[in-house]
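Engineer: What follows is a single structure, and I will ask about it in a moment.
The values are calculated or read from the model by the stated rules, or taken from the named source; none is laboratory data. Quantities reported herein were computed from a predicted structural model and do not represent experimental measurements. Counting neighbours? That spans all protein chains shown, and the Cβs are built from the backbone with ideal geometry, glycine included.
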Amino acid sequence: MNLIFFGPPGGGKGTQARLLAARRGFPQISTGDILREAVAAGTALGREARRYMDAGDLVPDAVMVGLIQQRLDRPDTGEGFTLDGFPRTLHQAQALERLLAAMEREIDRAVEFQIDEETVIRRLSGRRVCAAGGHIYHVEFAPPRRDGVCDNDGSPLRQREDDRPEVIRRRLEVYRREIPAVLEFYTTRGLLVAIDAAADEETVYGRLEEVLAAA
Ligand code: AP5
């Protein structure tokens with residue numbers, strides 16, 4: 001199944017995409033993770049992306065479309081995938097549709113994680129991620145067994161650069177500006193389903209499975 005996850009920063013897209021990958025085997029394609037890896041590796045892409053990401057702005061569409069094309073060409077996407085963080089603009093949605101059509105593929109479901117801003121701010125300010133595998137924790141809602149250490153690979157946990165309050169505000173503004181046109185695009189194609197994401201991880205996962213079972 002080819003899926004897209006939408007939702008505000010901190011809405012839980014990455015957490016649910018990882019659960020789905022572990023339990024159902026659909027690879028998570030997180031454009032945020034791909035960009036952060038490029039930043040960490042100091043590549044040309046990483047250097048360009050960093051200034052947008054640190055400010056909470058979107059990386060230009062042309063860069064993102066090229067990046068997603070390369071990722072979808074990899075063989076692990078053959079049985080399905082979850083796009084986490086792409087598309088984020090109408091232009092990206094249109095480009096994705098063309099790209100998939102050329103591969104004789106299509107999106108099966110677009111899932112919007114609906115959640116209030118007060119909750120996302122609380123989630124983002126307590127989020128910690130591991131330096132090695134990007135595993136996601138929360139100091140209050142999903143703490144690691146040992147403080148500051150990843151349960152999966154033992155690497156140190158850190159706060160994301162863009163989880164500072166002023167950058168969170170900007171990311172939310174950008175999301176509110178861009179997402180209505182993208183959601184409209186998938187609504188007109190009969191693909192959009194919304195789920196209430198303001199619940200614990202397993203409850204949200206159960207809602208997601210229900211949506212997928214009905215697809
Ligand atoms: P990206 O990494 O995609 O960030 P985002 O969309 O802002 O989403 P987040 O990763 O912040 O949140 P999430 O919804 O995955 O939440 P999570 O599961 O971690 O993008 C970063 C930047 O890259 C962008 O700002 C932009 O610059 C650039 N970029 C990326 N894609 C782009 C594109 N297509 N075009 C242009 N630019 C692009 O959860 C958050 C916290 O809450 C965690 O601590 C977690 O443990 C906790 N949590 C999760 N679920 C629950 C729950 N049910 N109950 C309690 N706590 C929970």
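Engineer: Condition test on Pro27, is it surrounded by fewer than 20 Cβ atoms within 10 Å (Cβ to Cβ), modelled with pLDDT of 95 or more and more than 8 Å from the ligand (Cβ to nearest atom)?
Structural biologist: yes
Engineer: Let me ask something else. For residues that are within 8 Å of the ligand (Cβ to nearest atom) and not basic (Lys, Arg), tally how many sit in region 170-201.
Structural biologist: Filtering region 170-201 down to residues within 8 Å of the ligand (Cβ to nearest atom) leaves 171, 174-175, 197-201.
Filter once more, so that each one left must be not basic (Lys, Arg): 174-175, 197-201.
Residues meeting the conditions: 7.
Engineer: Now a separate question. Out of everything in region 32-52 that is in contact (Cβ under 8 Å) with a residue 24 or more places away in the chain and surrounded by fewer than 22 Cβ atoms within 10 Å (Cβ to Cβ), what residue ends up being nearest to the ligand (Cβ to nearest atom)? Step through it out loud before you land on a result.
Structural biologist: Kept after step one, since they are in contact (Cβ under 8 Å) with a residue 24 or more places away in the chain, are these residues of region 32-52: 32-36.
Now narrow it down to the ones that are surrounded by fewer than 22 Cβ atoms within 10 Å (Cβ to Cβ): 32-34, 36.
Working: Gly32: 2, Asp33: 7, Ile34: 8, Arg36: 7 Å.
Top of the filtered list is Gly32.
Engineer: In this structure, does Glu161 turn out to be more than 8 Å from the ligand (Cβ to nearest atom), touching a residue at least 24 places away in the same chain (Cβ under 8 Å), in contact with a helix residue (DSSP H, G or I) (Cβ under 8 Å, 6 or more places away or on another chain) and under 30 Å from Asn2 (Cβ atoms)?
Structural biologist: Answer is no for this residue.
Engineer: Please verify whether Arg177 is part of a helix (DSSP H, G or I), more than 17 Å from the chain's Cα centre (by Cα) and at pLDDT 95 or above, treating the condition exactly as stated.
Structural biologist: Considered against the rule, which asks whether it is part of a helix (DSSP H, G or I), more than 17 Å from the chain's Cα centre (by Cα) and at pLDDT 95 or above, Arg177 comes out as yes.
Engineer: Filter region 64-73 for residues that are surrounded by fewer than 19 Cβ atoms within 10 Å (Cβ to Cβ) and within 8 Å of the ligand (Cβ to nearest atom) and give the result.
Structural biologist: none
Engineer: Determine if region 71-88 includes at least one residue that is among the hydroxyl-bearing types (Ser, Thr, Tyr), out of contact with any helix residue (DSSP H, G or I) (no Cβ under 7 Å at 6 or more places or on another chain) and at negative phi. Full working, then the answer.
Structural biologist: Here is the first cut: in region 71-88, the ones among the hydroxyl-bearing types (Ser, Thr, Tyr) are 77, 82.
Among the residues that remain, those that are also out of contact with any helix residue (DSSP H, G or I) (no Cβ under 7 Å at 6 or more places or on another chain) are: 77.
Those still in the list that are at negative phi too: 77.
Yes, some residue in region 71-88 is among the hydroxyl-bearing types (Ser, Thr, Tyr), out of contact with any helix residue (DSSP H, G or I) (no Cβ under 7 Å at 6 or more places or on another chain) and at negative phi.
Engineer: Could you grab the pairs with beta carbons closer than 6 Å, sequence gap of 6+ or different chains, first residue in region 119-137 and free of Cβ contacts under 8 Å to residues at least 24 places away in the same chain, second one acidic (Asp, Glu)?
Structural biologist: Listed by first residue and then by second, the contacts come to Gly126/Glu140; Ala132/Asp153; Gly133/Asp153.
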